Amino acid sequence: PIRHALLISFLICAVFAASDEWHQTFVPGRGGNVRDVLIDTTGAAIATAVIAVRVRRARKAGGAS
C-alpha cells in the first residue's frame, strides 16, 4: 500500500538525517545540530505530503497522471 511505502520512506529520511548529524560530530570543525535534523525531516514530510496528494488525485482521475 502507498501509505506504508510513504511512511517507510519518511522514516528512512528522518533516521538518515539524524545519523548524518551524528556522524558530523566525528569530523573536526563540524558538529551535529538538531535544527538540521528538523529541517531535513520537514523537507521529507513536505515531499511525502506532495506525493500523497498526487497519488490521491491520480486515483480519483482513474489512474491518469
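The values are calculated or read from the model by the stated rules, or taken from the named source; none is laboratory data. Model, not experiment: these values are computed from the prediction. Using ideal geometry, Cβ is built from the backbone for each residue, glycine included, and neighbour counts are taken over all protein chains shown. Each accessible area value is taken on the protein alone, full model and side chains, heavy atoms only, with ligands, DNA and RNA left out. Shrake-Rupley method; radii C 1.70, N 1.55, O 1.52, S 1.80 Å.
Taking segment 17-27 as the range and being within 14 Å of the chain's Cα centre (by Cα) and without any contact (Cβ under 8 Å) to a residue 24 or more places away in the chain as the test, the residues that pass are A18, S19, D20.
Screening I46 on (1) open to solvent by 90 Å² or more (accessible area, probe 1.4 Å); (2) in contact with a Gly (Cβ under 9 Å, 6 or more places away or on another chain) shows it passes everything except condition (2). Please determine whether any residue of segment 25-42 is among the basic types (K, R), out of contact with any Pro (no Cβ under 7 Å at 6 or more places or on another chain) and outside any loop (DSSP other than H, G, I, E, B). For segment 25-42, residues among the basic types (K, R), out of contact with any Pro (no Cβ under 7 Å at 6 or more places or on another chain) and outside any loop (DSSP other than H, G, I, E, B): present. Restricting attention to segment 8-17 and to residues that are under 18 Å from V55 (Cβ atoms) and in contact with a helix residue (DSSP H, G or I) (Cβ under 8 Å, 6 or more places away or on another chain), the residue that is surrounded by the fewest Cβ atoms within 10 Å (Cβ to Cβ) turns out to be S9. Per the listing R30, R59, the residue uniquely open to solvent by 100 Å² or more (accessible area, probe 1.4 Å), of a type outside the set (A, V, I, L, M, F, W, C) and either touching a helix residue (DSSP H, G or I) at 6+ places or on another chain (Cβ under 7 Å) or touching a residue at least 40 places away in the same chain (Cβ under 8 Å) (or both) is R30.
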